[in-house]
Amino acid sequence: MHPELDAKTGRPPLLHDELVALSAPTQVWSRRDGTMGGAADGIFHGDWRWVRSLELLVDGRPIEHLTTADDRDSTVFRAVARQLDGDSSTPRVLVERMRAVEPGGFVERVTIVNGRDVEVTALLELRLDLELAPLASVHAGRPEAVPIDLRLDEGAAVATDGTRTLRCASTKGAIEIDGHRVTASRSVVVRPGDWATLSIELAVDDAQLAEPGPPAASLPPLRATGVAALDRWAGRAVADLDDLSLDVGHGPFLAAAAPWQLTLLSREALVAARLALPQTAAIAEGTLRTLATRQGVLHDAETGEEPGRIPHEVRQDGSAPVFGASVDATPLWIVLLHETWLAGMPTETARELRTALHAALGWLAARTGDGFLADPDDEEVSAAVQAVACRAAVGAADLLDALGDDGDEWRAWAARLRSRFRDAFWSGDGSARTPSLAIDHDGAQHDRLGAELGQLLGTRILDEHEESIVARMLLDDAIASGFGLRSLAADDRDYWPLLERGGAIHPHETGLAIEGLLRAGFRDEARALAEHLLAAADAFHGRLPAAFAGFGLEDVGMPVPLPGAGSPHAASAAAVVVVHRALEARAGRPKQRIDTGERHLAAVERVQRHDTGPVQLPLLRGTGSGDRPTQRPRLRLVDPEG
């Protein structure tokens, strides 16, 4: 990594070789040996980076790293200080750095252990370089530091910009200030077989951050399966979901991802809560309530606010919510409300959100009209968005009935959308029928396929025949990489494995496809994709990033990181729950829907088959006439010849 080059060019920092210690809204990024100084490194709180580098010196020299142990409560770095070994060629002085993070707090404790048979004298120093810079500027590769006042106060260093304050203290060490550098130091004499410590503690307060609610209860662990890779992933993912949990007074919700999206992004939060719902309903209810309190009530062209609309993003700094960046947040909110009710939310609790539900449905009807749900500023109309709108309408109809309202209007609305969708998004006849992932505003279909196909399943936008086609298409090796579903099929002329939406793999999209397959009754296909995602999760040591490169098993032996992808990522972590379900299901059982309760039976009644032709897998790149365009060469990583 070359931070000076990143700062000069404004390139976003790379993250795949970095290590994070996290407890939202506080996060600490470093190299894997614990040192800081890279473009993405530092101590962050909310939307600001406070510390850009942290260095440990023993007698004025760096230590030499041996190993790193990263567990749920802390990270421990072990090293040797060979400058203290005298004439011995064998390392006899060990150094352990324990790092722990909590919301608004950071502790680093250095322990030096003397394995020599004589006393060791050493100067221990922890040096922090302060630089208060907005998170967005760090992400852009051009940190824009703001002025701070740094002073000593009763032995501690206190830095402030007038709104935010950092306090740095040390146990057993002395604090000194030089410019924007804070140094904690201690001279120690360590007897043979003994040890000595130096620690530094940081406390950060930001008056602009929303007042947090009470600490959320930890997520319950997933049941052990005996599959080592799955159990490892489950343990890490549940810990990451705990660390990504925030609460601003209405119940817990999940921040999207570290480091750049450690805030409420509605689409990410709603999807993550839904994937995790079989494990916990608390996050779903907290997400629903938090977003309902920020639901649109006015028309505001600048923010995109509209009555009934669910916002796209709510930052931690108290700024006005942003509404206009997504059109699917509102139907996703409706879907989560219905699914949470199915999972056991009392009807009277759901009734508390009845006004918000009616407002969201009103927005959905007004925005869709007699066409499709889309942003007029977007170049295309997404098939996946129509699917979630249909699922929202069908689910809302059942919930409205339970609340004493009439849901028939929304069943009819869903049927009309389904008919329009079939006419606009499908092409070909009989066994050659294929769906398109998007159309333009003039109705022309976009000839591309990818992971979003999976988001059509189990939504009631397709009939049985169409679901069978889509379920089989998902397992074609142009889309299914062996590590998950590519965002764009590998035989598409625009495919590139490092393009975020042009071939990269987003684990949560595979999770949504698995969920859809289970809802539609395709257990074997769900299990196959679950195995793919499990292989990726194991390669990433149980912490799936937001995305990784689209290379498949035919290209590489293990998944390739996508530069700059955030990790941990809430929806990627939550995908472990649906993978757990799919791998627990017995393969080979008759295809039937997965029922979670009596209410669910009525809610997911099958759409009757529209086309009675034989179910065959069509050509992925079919043009409707059976022609297949010339494929571009597949990309492979080749080991250098030795």
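The values are calculated or read from the model by the stated rules, or taken from the named source; none is laboratory data. No experiment lies behind these values; they were computed from the predicted model shown. Methodologically, a virtual Cβ is constructed for each residue, glycine included, from the backbone with ideal geometry; neighbour enumeration extends over all protein chains shown. When the accessible area is computed, the model is the full protein with side chains, heavy atoms only, and any ligands, DNA or RNA have been set aside. Shrake-Rupley method; radii C 1.70, N 1.55, O 1.52, S 1.80 Å.
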### Query
Residue farthest toward the positive end of the dipole of segment 407-479, with Cβ of Lys/Arg at +1 and Asp/Glu at -1: which of Phe421, Ala478, Thr434?
Phe421
### Summary
Among Gly458, Pro497, Ala325, the residue whose Cα sits farthest towards the positive end of the charge dipole of the chain, when +1 is placed on the Cβ of each Lys and Arg and -1 on the Cβ of each Asp and Glu, is Gly458
### Summary
Using a 1.4 Å probe on heavy atoms of the protein chains only, the accessible area for Thr459 in Å², nearest 10, reads 10 Å²
### Neighbourhood charge, 12 Å Cβ-Cβ cut-off, centred on Asp300 and excluding it, Lys, Arg +1 and Asp, Glu -1
-2
### Query
Once amide H atoms are built 1.01 Å from N in the peptide plane, which residues 5 or more positions from Leu209, or in another chain, come under 5 Å H to H?
none
### Query
How far is helix 570-584 tilted, in degrees, relative to the longest principal axis of the Cα atoms in the chain, given as a value from 0 to 90 rounded to the nearest 10?
60 degrees
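Taking 56 Å as R0, compute the FRET efficiency from the Cβ-Cβ separation of Ser419 and Arg151 and round it to 0.05. Each step should come with its number before you reach the end.
Details: r = 69 Å, r/R0 = 1.24.
About 0.20, to the nearest 0.05.
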### Summary
Using alpha-carbon positions, the gyration tensor of segment 484-525 gives root eigenvalues a ≥ b ≥ c; with a/c under 1.5 called rounded, otherwise prolate if a/b exceeds b/c, else oblate, the class is prolate
### Task
Before rounding to the nearest 500, sum -39500 (n - 2.57) across all DSSP H runs of length at least 4 in the chain and divide by the residue total; then give [θ] at 222 nm in deg cm²/dmol.
-9000 deg cm²/dmol
### Query
Using alpha carbons only, how many degrees (0 to 90, rounded to 10) separate the axis of helix 266-276 from the longest principal axis of the chain?
90 degrees
### Query
Once the whole set of protein chains is in place, how much accessible area is left on Trp496, using a 1.4 Å probe, in Å² to the nearest 10?
110 Å²
### Query
Applying the Karplus parametrisation 6.51 cos²θ - 1.76 cosθ + 1.60 with θ = phi - 60° to the phi angles of segment 461-475, what ³J(HN,Hα) value in whole Hz is obtained for each residue in order, glycine and proline being reported as x?
7, 10, 8, 4, 5, 5, 5, 5, 4, 5, 4, 6, 4, 4, 8
## Note on the structure
The extension gain from Thr347 to Ile177, computed as 0.36 nm times the residue separation minus the Cα-Cα distance, is 55.3 nm
## Note on the structure
Sequence order, segment 380-387: Karplus ³J(HN,Hα) from phi using 6.51 cos²θ - 1.76 cosθ + 1.60, θ = phi - 60°, Hz rounded, Gly and Pro as x, gives 9, 10, 7, 5, 5, 5, 5, 5
## Note on the structure
Square roots of five times the C-alpha gyration tensor eigenvalues of segment 271-356, ordered largest first and given in whole Å, equal 24, 13, 11
### Task
Take the eigenvalues of the Cα gyration tensor for segment 426-573, scale each by 5, and report the square roots as semi-axes in whole Å, largest first.
25, 18, 13
#### Entry: Ile63 accessible area, assembled protein chains, probe 1.4 Å, Å²
40 Å²
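About its Cα centre, how strong a charge dipole does the chain have in debye, to the nearest 20, once Lys and Arg get +1 and Asp and Glu get -1 at the Cβ? Walk me through the numbers on the way to the answer.
Details: 66 positive and 96 negative charges, 254 e Å.
The dipole magnitude comes to about 1220 debye.
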### Task
Pick out, from Ala520, Ala539, Ser567, the residue whose Cα sits farthest towards the positive end of the charge dipole of segment 519-590, with +1 on the Cβ of Lys and Arg and -1 on the Cβ of Asp and Glu.
Ala520
### Query
Which value results for Rg/Rh of segment 188-333 when Rg is the Cα radius of gyration and Rh the Kirkwood radius based on the inverse mean 1/r?
1.13
### Heavy-atom accessible area ranking, 1.4 Å probe, most first, across Arg92, Arg422
Arg92, Arg422
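Which GluC sites (Glu not before Pro) in segment 267-302 pass both tests, a DSSP loop state and at most 14 other beta-carbon atoms within 10 Å?
Numbers: sites: Glu268, Glu285, Glu302; in loops: Glu302.
Passing both the DSSP loop test and the Cβ count: Glu302.
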### Query
Sorted by accessible area with a 1.4 angstrom probe, largest first, how do Thr67, Thr340 fall?
Thr67, Thr340
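Find the Cα radius of gyration of segment 226-268, compare it with 2.2 N^0.38 Å by division, and give the number to two decimals.
Details: Rg = 12.7 Å, N = 43, 2.2 N^0.38 = 9.2 Å.
So the Cα radius of gyration is 1.38 times the expected 2.2 N^0.38 Å.
Tell me the net charge near Asp41. Cut-off is 10 Å between Cβ atoms, Asp41 excluded, with +1 for each Lys or Arg and -1 for each Asp or Glu.
Residues close to Asp41 contribute a combined charge of +2.
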### Task
Starting from the Cα of Leu298, step 7 Å along the direction of its Cβ; do the same at Ala320; then give the gap between the two resulting points in nm.
0.7 nm
### Query
In terms of modelled amide H atoms, which long-range or inter-chain residues lie less than 5 Å from the amide H of Leu485?
Thr510
### Task
Treating the angle as unsigned and between 0 and 90°, give the value, to the nearest 10°, between the Cα long axis of helix 507-520 and the longest Cα principal axis of the chain.
40 degrees
#### Entry: Test item: Cα-centred dipole of segment 236-279, Lys/Arg +1 and Asp/Glu -1 on Cβ, debye
180 debye
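What full-extension length gain, to one decimal in nm, is calculated for Gln208 and Asp476 as 0.36 nm per residue of separation minus the Cα-Cα distance?
Computed gain between Gln208 and Asp476 is 91.6 nm.
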### Query
Along each of its three principal axes, how wide is the spread of alpha-carbon positions in segment 113-241, in whole angstrom units, largest first?
51, 51, 33
### Summary
Subtracting the Cα-Cα distance of Arg11 and Glu102 from 0.36 nm times their residue separation yields 29.8 nm
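How charged is the neighbourhood of Ala282? Take every other residue with its Cβ under 13 Å from the Cβ of Ala282, and add Lys/Arg as +1 and Asp/Glu as -1. Could the numbers behind the result be given before it?
Numbers: positive: Arg289; negative: Asp242, Asp247, Glu285.
Result for the local shell: -2.
Looking only at Cα atoms, what is the convex hull volume of segment 33-86 per residue, in Å³?
Hull volume over Cα atoms, normalised by residue count, gives 101 Å³.
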### Query
If Asp442, Asp129 are ordered by their accessible area, calculated over protein heavy atoms with a 1.4 Å probe, which sequence runs from highest to lowest?
Asp442, Asp129
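Report the per residue volume, in Å³, of the convex hull enclosing the C-alpha atoms of segment 420-464.
Working: hull volume 4.1 nm³, N = 45.
Output value, Cα hull per residue: 90 Å³.
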### Message
Could you work out the relative contact order of the chain? I mean the mean sequence separation of Cα pairs under 8 Å and 6+ apart, divided by the number of residues, in percent.
### Response
11 percent
### Query
Gap in Å between the Cα centre of segment 330-377 and the Cα centre of segment 468-520?
27 Å
### Query
Under 5 Å between amide H atoms, partner at least 5 residues away or on a different chain: which partners does Ala258 have, H built in plane at 1.01 Å?
Ser567
### Query
How compact and how long is segment 441-503, expressed as Rg and Dmax of its alpha-carbon atoms in Å?
12.4, 36
### Between segment 215-248 and segment 130-168, the Cα center-to-center distance that results, in Å
33 Å
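Order these peptides, 542-551, 179-188, by their mean beta-carbon neighbour count within 10 angstrom, highest first. Could you put the intermediate results ahead of the total?
Values: 542-551: 26.0, 179-188: 17.9.
Most protected by this proxy first, the peptides run 542-551, 179-188.
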### Summary
Cα convex hull volume per residue for segment 26-131, in Å³, equals 103 Å³
### In Hz, Karplus ³J(HN,Hα) per residue of segment 134-142 (6.51, -1.76, 1.60; θ = phi - 60°; x = Gly, Pro)
x, 3, 4, 6, 5, 4, 6, x, 9
### Message
Only four residue types carry charge here, +1 at the Cβ of Lys and Arg and -1 at the Cβ of Asp and Glu. Report the dipole size of segment 395-438 about the Cα centre in Debye, rounded to the nearest 20.
### Response
400 debye
